[in-house]
Each structure stands twice: as C-alpha cells, then as structure tokens.
1. How many nm separate the modelled label positions at Asp348 and Asn255, each set 7 Å beyond the Cα in the direction of the Cβ?
2. Can you tell me, using C-alpha contacts under 8 Å and at least 6 residues apart, the relative contact order of the chain as a whole percent?
3. Under 5 Å between amide hydrogens, which residues at least 5 positions from Ala209 or on another chain qualify, with H placed 1.01 Å from N in the peptide plane?
4. What accessible surface, in Å², does a 1.4 Å probe find on His45, ignoring ligands, DNA and RNA and rounding to the nearest 10?
5. Select from Pro339, Pro384, Pro167 the residue whose mean-square fluctuation is largest in a Gaussian network model of the chain (Cα-Cα springs shorter than 10 Å).
6. Which residue, Ala93, Ala69, Ala156, tops the fluctuation ranking in a GNM of the chain built on C-alpha contacts under 10 Å?
7. Determine the per residue accessible area of region 114-221 with all protein chains present and a 1.4 angstrom probe, expressed in square angstrom.
8. Keeping all protein chains in position, work out how much accessible area Lys225 exposes to a 1.4 Å probe, and write it in Å² to the nearest 10.
Amino acid sequence: MTTEETVRADLKERVDALLTTHDPATTDQLVFLRAQFDAGLAWVHFPEGLGGLGLPRAHQTYVNELLAAAGAPDNDPRRIGIGLGMAAPTILAFGTDEQKRRFLRPLWTGEEVWCQLFSEPGAGSDLAAVGTRAVRDGDTWVVNGQKVWTSSAHKARWAILLARTDPDVPKHAGMSYFICDMTDPGVEVRPLRQITGEAEFNEVFLSDARIPDAHRLGEEGEGWKVANATLMNERVAIGGNAAQREVSMIGFVANAWRTRPELRRPEAHDQLTSLWVEAEVARLSGKRLRQKLAAGEPGPEGSGMKLTFARLTQQITGFELQLLGEEGLRYADWTMTRPDIVDFTGRDAGYRYLRAKGNSIEGGTSEILRNIIAERVLKLPAEPRADKDIAWKDIPR
Ligand SMILES: Cc1cc2nc3c(=O)[nH]c(=O)nc-3n(C[C@H](O)[C@H](O)[C@H](O)COP(=O)(O)OP(=O)(O)OC[C@H]3O[C@@H](n4cnc5c(N)ncnc54)[C@H](O)[C@@H]3O)c2cc1C
C-alpha cells in the first residue's frame, strides 16, 4: 500500500470505531461531536489531543465524506464560522497549552460561539489604528472602548479582541491580542440593522471589561502579528470554501435557466455562460488554494480568493435579479431578525443580492485586498505610510 492508502485505511478504521461506539441514529448530537473531537477526527490537521491527528489538512475531506455517508451530525461551520475560521487557527498558532485545552473543544462542537472584536468606528481598513484601550491591573487587563460590525456578538460566549496596550509606540507595535469573555458585565452588545433588514452584527461597548492576563494570546505588544494570522485565515475562510460545482450562487441561476424556459434570452445566455465559467475557475482555484494551505501557512493568495468571491457573488446575484425580472425584485420580509447563520441558500434572490453587497466589505474591503495583492504578491511599491514611525497617541485624528 502507498502511504496515502495506509493513511486512508487508518482513518476509515478510526471512523468505523467512532460509529460503532456512537451510532449517529441514536446518539445525541453534542455527545457525538465531542466523541468525534476526542477521536482526532474533528480537524485531522490539528495535533493529537486537540481534535486532530497531525495529518495533512486534505484528509479531513475523506473523513467528512465517511461521516456524512453514515448520517453523522454536522457541527455547522456556518454558524460557528468565526470560531472555526479565525479563532481556532490563531489559538493553535499562538495559544498556550492551557488555552488550547480550554477553548478548542467547545469551539469545534459549537457549544461556545465566538465573535471577532477587531473593527472600530475609526479602525476598519486601517485596523492597526484601534483605540480600544487595555490597561494592566495586576493579573488582569481593564478594557475600555467601542467595537463595531461584530457579527454574532449577541450569541458569542468568547471574542478575539485586538486592543491598544501601549499608546506611546507606533501603532503596529502597541497592540495586544486577547480572548474576551462576552458575559463580562463590562461588555454591552447592541444590534445593528443592515440592508437586508437583518441584524447579523452589532456594536459592542467595553466599559471596564476585565480580562485575565492568562487570556492574552501571544506576547504583550505583539497583537498585530497575531491579528495578521487571524486575517489571513479569515480570507481563506470567507473566500476559499470547498464548493461543489454549482452548489454556490451560480447554481441558483443555472437551475432557473434550465428549469424555466420562459426566462431565457440570447444575451442572458452569454452572460450566464461567462459567469458559470468564472465560478468554475474560482472553485478550482479555491481547491488549489486549499492544497497549498494543506502544505503550510495561509499566504496572501487568500486575499485573491476573497476578492474573487466578493466580485463573483455580486455579479451573479445581480444577474439573477435581471433574469427573474419583477419576481426578483420582490422582497419577502423586512422584519428585523437575528439569524443564526448567513443563509444565502435558504433565501430568495432579493436577499442574496442585498446580502452580497457586504461581501466586498466584510473580512477586508476589496480595495484593501487589491493593495495586499499589489504589494505582497506582485511586489509593487507600498502605499506611503505617513504614520509609520509616530507614536499612536501623536497621530493626528
Ligand atoms: C457583513 C459584515 C460583517 C462584519 N463582521 C465583522 C466582525 O465580525 N468583526 C469585525 O471586527 N469586523 C467585522 N466587519 C467589519 C469589516 O471588517 C470592516 O467594515 C472593513 O474592514 C472595512 O472597514 P470600515 O468599514 O471601517 O471602512 P473604511 O476603512 O472606513 O473604508 C471605507 C472605504 O475606503 C476604502 N479605503 C480605506 N482605506 C483605503 C486604502 N488605503 N486604499 C484604498 N481604499 C481604501 C475602503 O476600501 C472602503 O471602500 C464586518 C463587516 C461586514 C460588512
């Protein structure tokens, strides 16, 4: 047997053992997910004891296929996307053993939802400008400030938080990265209604919120380094999803075209074909990106994927409205809701169109991603950064 075959045979054995002791038909979902984690079958690329087996990431697809075929429950990555896509890889890379043991298991099972307290009214694209202050008080940090656009904060048990710990040094050098307890009395979450009518995200006010130093991730003053690891992973999580052909946005349009001849027009056919081809290119590039990821760290290529994803979803959802005509303009419900997940697939074309507008903003705007590609991939000259060597407190604002 080749090494590949040996690994797959071993994984099959492990999955079979899990299914024997935990029949998905009769086992409580949470009990099953915990057992899957303990068997190292949650994310096989994580170390043993932390839900993985230290294998290349690509093997998880095989495990997932075996489990899905047996009717095993899903931990619903969409609902817990920030935990899985952003917090987990950051904790794995920068966390202490104690932090890894405490946080990763309930994160993966979805028992504890995570959110990301990065953006502020004056620090979005320029994230290194964050002004939320964390001041040390013995073994704890006292945090004051305001965050904004915090997806899922209303459901979150924990947050990854970027805060300023030293205003006397240049902006990139004076930040630290924390795990914030969202149940702390100093944390207030207020809904923000968005263009779809829903309130997926929030403003978060931190007033003397307390964080033990044991919940700092990475060294004091090195928050920017840690945040960068999160952002690289975020772009892959948003833009590099493992998609089957036509499962994403293009599937709705292609399906409408196939099943509803009355919608067909020659010029629309050309548009549909070119969008379909682009969606295929994106799907295959995403596959290649994940292979690269399996081999090492996420790189700036993730920015390219996220940029493509945003552009395509907006083009496709716009085309879908044109194709459907008046029907596409009807909007089902403007009642403010606080959804569990961003549900592109379970909703109508109008929702998809409006929600896709946020794709070129969330996780870094398309303009900023182009800057990253220009500088880090194409090696073009960097943007002038006038505030580079100035202490954060002295930057004019
Ligand atoms: C649906 C959604 C969910 C989100 N969820 C979260 C979350 O959970 N946690 C979180 O922390 N944040 C979240 N965000 C915030 C998001 O990361 C920020 O909105 C984003 O980084 C842009 O920051 P900003 O809104 O402050 O815009 P600004 O930075 O003010 O930018 C405004 C415009 O100026 C452009 N611009 C700015 N600087 C440059 C430059 N140097 N070159 C060229 N153009 C430039 C931008 O591209 C943009 O078009 C979310 C946003 C959305 C839409």
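The values are calculated or read from the model by the stated rules, or taken from the named source; none is laboratory data. As the structure is a prediction and not an experimental result, all values here were calculated from the model. Don't worry about glycine lacking a Cβ; one is built from the backbone with ideal geometry, like all the others, and counts go over all protein chains shown. Remember, those area values only see protein heavy atoms, side chains included, never the ligands or the DNA or RNA. Shrake-Rupley method; radii C 1.70, N 1.55, O 1.52, S 1.80 Å.
1. Placing both labels 7 Å along Cα→Cβ, they lie 1.6 nm apart.
2. Working: 659 pairs, mean separation 54.9, N = 397.
RCO, the chain: 14 percent.
3. For Ala209, the qualifying residues are Val143.
4. 60 Å²
5. Largest GNM mean-square fluctuation: Pro384.
6. Greatest mean-square fluctuation among the candidates belongs to Ala69.
7. Details: 3970 Å² over 108 residues.
Result: 37 Å² per residue.
8. Counting only protein heavy atoms, the figure is 120 Å².
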